[in-house]
Amino acid sequence: MRLEDKVCIITGGAAGIGKATAEKFYAEGAKVIICDLNQEAGEALVAELGENARYYQVNVTNRKEVQTFVDAVVAEFGRVDVLINNAGITKDGQFVKFKEGEMVGEMSEEAFDAVVAVNLKGVFNCTQAVTPYMIKQGGGSIVSASSVVGLYGNFGQTNYAATKFGVIGMTKTWARELGKYQIRVNAVAPGFILTEMVLKMPEHVLAGMAANAPLKRLGKPEEIANVYCWLSSDEASYIHGAVISVDGGIVLGT
């Protein structure tokens, strides 16, 4: 019960890593508040978890929605102890694509802006909404999802890599600014994880991804949730400004 009675917000909490995190936190005694655009999945998960779970349909790119959501959580529970910035999207494509000396494609501005809006601005919006409450209550824990792509880049992911590098930059900056208020700020950099989205990929692609990791397998959502949980608990009380890779050792080969 490492999170007993802690009020924990998990963005993008209805599926994948977010769902595994909600389940883990609830099992550890937390009051779990999920925000996600997928209402059906969010409500189903809350019904499965129990009376100390809540679901809100929130677009993290909308500052007004985010603030209204956080205000409602504090109105009900009186505080926010943990924020897990887990919501994220991908819209992959080559920066520019040439074939036989001619440009045949490029990453669209729409794809770039959409990923930045969710993965970077969304983290900014949610963190800025909870921080004043955490300062007033005397502390808290903020954990944001970066990625191994945010450590070494990745082909076809200019937008995604930029946001995950950005999350690391914000984490380091907020650690400097918020430590004096006893707000711990950290990030987790997952590798290739077997989420619902990844499982839809062809078998040969999955096999190639697993082969790139020294542990020779893909990660499980629960393995990211475990690290989120530890960083949010008092067991990690002196971990601050860290970026923890959970990737089966894949960064060793970069």
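The values are calculated or read from the model by the stated rules, or taken from the named source; none is laboratory data. If you're wondering where the values come from, they're calculated on a predicted model, not measured in any experiment. Heads up, the Cβs are rebuilt from the backbone with ideal geometry, glycines too, and the neighbour counts pull from every protein chain shown.
For Val70, indicate whether it is touching a Leu at 6+ places or on another chain (Cβ under 6 Å), under 24 Å from Lys164 (Cα atoms) and at pLDDT 95 or above. No, not satisfied.
Only one of the listed residues (Ala44, Ala87, Ala72, Ala53) is among the hydrophobic types (A, V, I, L, M, F, W, C) and out of contact with any strand residue (DSSP E or B) (no Cβ under 8 Å at 6 or more places or on another chain). That residue is Ala44.
Every listed requirement among (1) part of a helix (DSSP H, G or I); (2) surrounded by 15 or more Cβ atoms within 10 Å (Cβ to Cβ); (3) out of contact with any strand residue (DSSP E or B) (no Cβ under 6 Å at 6 or more places or on another chain) is met by Ala213 save one, (1). Condition test on Leu178, is it in a helix (DSSP H, G or I) and aliphatic (A, V, I, L, M)? So Leu178 passes the test. Filtered by the rule that a residue be buried (at least 24 other Cβ atoms within 10 Å of the Cβ), in contact with a helix residue (DSSP H, G or I) (Cβ under 8 Å, 6 or more places away or on another chain), in a helix (DSSP H, G or I) and not β-branched (Val, Ile, Thr), region 1-19 gives a lone residue, Lys19. Only one of these is under 22 Å from Pro132 (Cβ atoms) and either at pLDDT 95 or above or of a type in the set (A, V, I, L, M, F, W, C) (or both): Lys64, Lys19. Name it. From the options Lys64, Lys19, the qualifying one is Lys64.
Restricted to region 104-172, the set of helices (runs of 4 or more DSSP H) holding at least 2 residues that are in contact (Cβ under 8 Å) with a residue 12 or more places away in the chain and over 16 Å from the mean Cα position of the chain (by Cα) comprises 109-116, 122-137. Within region 162-182, the set of residues being over 22 Å from Tyr238 (Cβ atoms), crowded, with 21+ Cβ neighbours inside 10 Å and of a type outside the set (Lys, Arg) comprises Thr163 only.
Here Gly42, Gly88 are screened, and the one residue that is part of a loop (DSSP other than H, G, I, E, B) and crowded, with 16+ Cβ neighbours inside 10 Å is Gly88. Whenever a residue of region 28-57 is in contact (Cβ under 8 Å) with a residue 24 or more places away in the chain, its partners that are loosely packed, with under 15 Cβ neighbours inside 10 Å, lying with C-beta atoms within less than 7 angstrom and at least six residues away or across chains, give the pairs Glu28/Met1; Gly29/Met1; Gly29/Glu4; Gly29/Asp5; Lys31/Asp5.
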